[in-house]
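Engineer: Quick one: the structure is below, questions incoming.
The values are calculated or read from the model by the stated rules, or taken from the named source; none is laboratory data. This one's a predicted model, so the numbers in the text were calculated from it and none came from an experiment. Cβ coordinates were reconstructed from backbone atoms using ideal geometry, including for glycine residues, and neighbour counts include every protein chain displayed. What goes into the accessible areas is simple: the full protein's heavy atoms, side chains included, and nothing from ligands, DNA or RNA. Shrake-Rupley method; radii C 1.70, N 1.55, O 1.52, S 1.80 Å.
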Amino acid sequence: PEVSTPTSAAAVSQYACQRRTTTENHNKNLTDAFEVLAENYEFNGMEGQCLAFRRAASVLKSLSWEVRSSERVHELPCLGETMEELILQYGRSFEVNKILSDERYQTLKLFTSVFGVGLKTAEKWYRRGLRTFPDVLEEPSIHLNRMQQSGFLHYGDISRAVSKAEAQALGSIIDEAVHAITPDGTLTLTGGFRRGKDFGHDVDFIVTTPERGQEERLLTSIIQHLKQQGILLFSDYQSSSFDMSKLPSHRFEAMDHFAKCFLILRLEGREVEGGLCRAEGDSRDWRAVRVDLVSPPPDRFAFTLLGWTGSRFERDLRRFARLERRMLLDNHALFDKTKKEFLAATTEKDIFAHLGLEYIEPWQRNA
Ligand code: 8DG
Ligand code: MN
Ligand code: MN
């Protein structure tokens with residue numbers, strides 16, 4: 001049966017993988033506020049509350065109506081009393097504004113916005129009394145790794161949103177590299193742009209070759225090719241540590257073990273239809289852009305595509321598999337714990353079918 005967009009709270013599933021969530025968000029004010037609260041919990045090591053607010057925001061994003069303060073919010077899944085109260089008193093929540101003007105929050109937000117700087121590093125810098133980029137860059141005892149150095153060097157460009165036209169241009173450039181290396185190689189757009197977003201913080205692609213065992217070589221050759229073209233500004237290559245016999249991970253945020261690389265590429269203005277997204281007053285005809293590439297073996301393509309398409313949707317798919325189906329799902333495989341066997345898939349639809357879920361299109365996965 002077709003799951004149409006629910007019009008009543010009672011029909012909304014607690015799992016994002018049973019909801020259709022487009023990029024159209026009727027509750028953006030609320031979900032932005034919830035994201036600030038979630039982030040602040042994350043910054044303070046309160047993972048339970050952080051997750052609760054992210055799940056609540058995800059439910060609100062899926063609604064085809066705007067939640068109003070008079071509504072019985074608690075009838076929605078994942079929205080507890082605290083959140084109902086927040087929504088009831090929400091004009092522009094006092095609590096949210098308090099966080100936004102908090103020095104620790106502001107500093108951690110600033111530091112973690114640098115490519116290569118995680119929460120641990122940001123906290124360390126904060127504890128040492130550092131508050132601004134110049135504070136960090138002028139502190140002689142701080143040693144930045146290669147990724148962080150590039151993060152600071154290209155900060156202006158890579159903290160600026162990437163447009164769909166820029167993503168397309170990068171797609172053509174990398175596609176050309178793939179085909180120069182192997183004529184039957186393929187390039188597939190994934191991540192936020194596959195979900196139909198107009199802007200992203202990077203561009204994510206999957207590269208494959210049908211020849212088994214050649215996936216690592218394909219990726220290293222692509223990096224080499226981009227380097228020869230003079231457009232490789234940074235590359236962090238991680239070789240494959242994929243073990244076929246291993247069960248899928250239990251963890252929610254499991255990174256995968258396929259060969260992948262995190263890149264910064266130089267994109268020329270003339271390659272982009274309609275021009276580059278640049279800061280006002282910036283007259284350069286190029287910009288730096290973050291690009292992620294992953295190269296799974298051909299028989300794992302569907303799992304990788306599903307995983308890298310991303311958002312809460314994919315987290316809830318794993319949770320749904322585990323709690324409702326006694327199955328383990330990650331970017332590599334699907335394992336049925338009852339039958340004690342791996343379930344193969346050549347398309348995303350196969351995976352949804354194994355899980356007994358209705359297929360949800362990528363542009364409906366903006367959970
Ligand atoms: P955005 O870039 O438009 O802001 O959003 P996004 O495309 O949804 O986020 P993303 O940070 O680019 O991540 C896309 C998906 O890739 C996300 O679900 C996480 C997933 N991903 C993996 N494995 C790995 C990994 O090893 N490293 C990274 N950086 N992302 C990974 O599944
Ligand atoms: Mn992305
Ligand atoms: Mn990415």
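Engineer: Could you please state, rounded to a whole Å, how far the C-alpha centre of segment 350-367 is from the C-alpha centre of segment 16-52?
Structural biologist: 21 Å
Engineer: Using a Förster radius of 35 Å, what is the FRET efficiency between ASP32 and GLN168 based on their Cβ-Cβ separation? Nearest 0.05, please.
Structural biologist: 0.80
Engineer: Moving on. Which of GLY156, VAL117, GLN168 sits farthest toward the positive end of the charge dipole of segment 96-192, with +1 on the Cβ of Lys and Arg and -1 on the Cβ of Asp and Glu?
Structural biologist: About the Cα centre, the residue reaching furthest to the positive side is VAL117.
Engineer: How large a share of the accessible area of the chain, in percent, is made up of carbon and sulfur atoms when the probe is 1.4 Å and the other protein chains stay in place?
Structural biologist: Result for the chain: 49 percent of the exposed heavy-atom area is carbon or sulfur.
Engineer: While we're looking at this one, here's another question. Treat every Asp and Glu Cβ in the chain as -1 and every Lys and Arg Cβ as +1, leave all other atoms uncharged, and give the resulting dipole magnitude about the Cα centre to the nearest 20 debye.
Structural biologist: Dipole of the chain, to the nearest 20 debye: 640 debye.
Engineer: Further question: Could you compute the FRET efficiency for LYS124 and LYS340, with r as their C-beta to C-beta distance and R0 at 56 Å, rounded to 0.05?
Structural biologist: Plugging the Cβ-Cβ distance into 1/(1 + (r/R0)^6) gives 0.80.
Engineer: Could you pull the Cα extents of segment 9-98 along its three principal axes, largest to smallest, in whole Å?
Structural biologist: If we take the Cα atoms of segment 9-98, the spans are 33, 27, 24 Å.
Engineer: Let me ask you something else. From the Cα trace of segment 162-305, what convex hull volume per residue do you get, rounded to a whole Å³?
Structural biologist: Per-residue hull volume (Cα only) is 119 Å³.
Engineer: Using Cα pairs closer than 8 Å and at least 6 residues apart in sequence, work out the relative contact order for segment 162-305, in percent.
Structural biologist: Relative contact order of segment 162-305: 29 percent.
Engineer: Counting only heavy atoms of protein chains, what accessible area per residue, in Å², does the chain have with a probe of 1.4 Å?
Structural biologist: Dividing the accessible area of the chain by its residue count gives 49 Å².
Engineer: Oh, and also: Just subtract the alpha-carbon distance of LEU153 and TYR237 from 0.36 nm times their residue separation and send over the number in nm, one decimal.
Structural biologist: Roughly 28.3 nm would be gained on extension.
Engineer: Which residue, ILE223, PHE301, ALA279, has the largest displacement toward the positive end of the dipole of segment 198-344 when charges sit on each Cβ (Lys, Arg +1; Asp, Glu -1)?
Structural biologist: Selected residue: PHE301.
Engineer: Distances over 25 Å make up what percent of all Cα-Cα pairs in the chain?
Structural biologist: Pairs farther apart than 25 Å: 61 percent.
Engineer: Could you tell me what % of all Cα pairs in segment 306-364 have separations over 16 Å?
Structural biologist: So the pairs more than 16 Å apart make up 37 percent of the total in segment 306-364.
Engineer: Please find the FRET efficiency linking ALA279 to SER8, where r is the Cβ-Cβ separation and R0 is fixed at 56 Å, and quote it to the nearest 0.05.
Structural biologist: Once rounded, the FRET efficiency stands at 0.80.
Engineer: Another question, if that's okay. So for segment 306-364, taking the charge dipole from beta-carbon charges (+1 Lys/Arg, -1 Asp/Glu), which of PRO362, ILE351, LEU328 sits furthest toward the positive end?
Structural biologist: Of the options given, the answer is LEU328.
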